[in-house]
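Peer 1: The structure that follows is given in the form of structure tokens.
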Amino acid sequence: MSEELKVEQPLQVTSLESLGQSKTRVEAIPGFEPGTLINVRLKRVSLYDMIASGQIPNELLSVAYAMATSPLGENPVKRMDPEDVTRLGDLTIHIAKTAMVEPSYEQFKEAAGAITDEQLTAIFLYATKGVQALKLFRSQFEFTQTLGGYGKNVGQSAKRLPTGTDDVRSVRT
């Protein structure tokens, strides 16, 4: 029995042209209505690089550090103090402004009138953690839709409380 030796081709360096073409990617983020998506062109960012180059304001550094060092799938907010949680919104917007290529953050906000927390979260996750994090976010989004969206189908199975009753324990199923 003879074994053929496989001769592997030496790895080639990726060309600068190819690197430039892969800087951005069109990704779907949640729309304004449950179950809808909006496609935007985003680029990845490095929190470490932004911290080191002074692109993140000092007051957001503790939040940026917490986000940069949190493992994928862990909620870093659990480790934050209340002041950092309030700064997280500012950091998320800062990252969205950096990551959004087409439309830009300003163009999106001007055309749509607003950008939702869910949209900001999706952009932040893609920009800092990549497609895998966005897939986790999308699976949670799809799960919510499977359950009937954001309260859309609640009326079908909800029991109405008697007038003047604030205690759900008074409703018998």
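Laboratory data are not the source of any read-out in this text; all were calculated from the coordinates shown. All values reported here derive from a predicted model rather than from experimental measurement. When we count neighbours, we look across all protein chains shown, and the Cβ atoms used for this are built from the backbone with ideal geometry, even at glycine.
Peer 1: If neighbour count is taken as other Cβ atoms inside 10 Å, put 80, 67 in order from fewest to most.
Peer 2: Details: 80 17, 67 21.
In increasing order of surrounding Cβ atoms, one gets 80, 67.
Peer 1: Place the peptides 104-115, 34-45 in order of packing, highest mean first, counting for every residue the other Cβ atoms within 10 Å and averaging per peptide.
Peer 2: 34-45, 104-115
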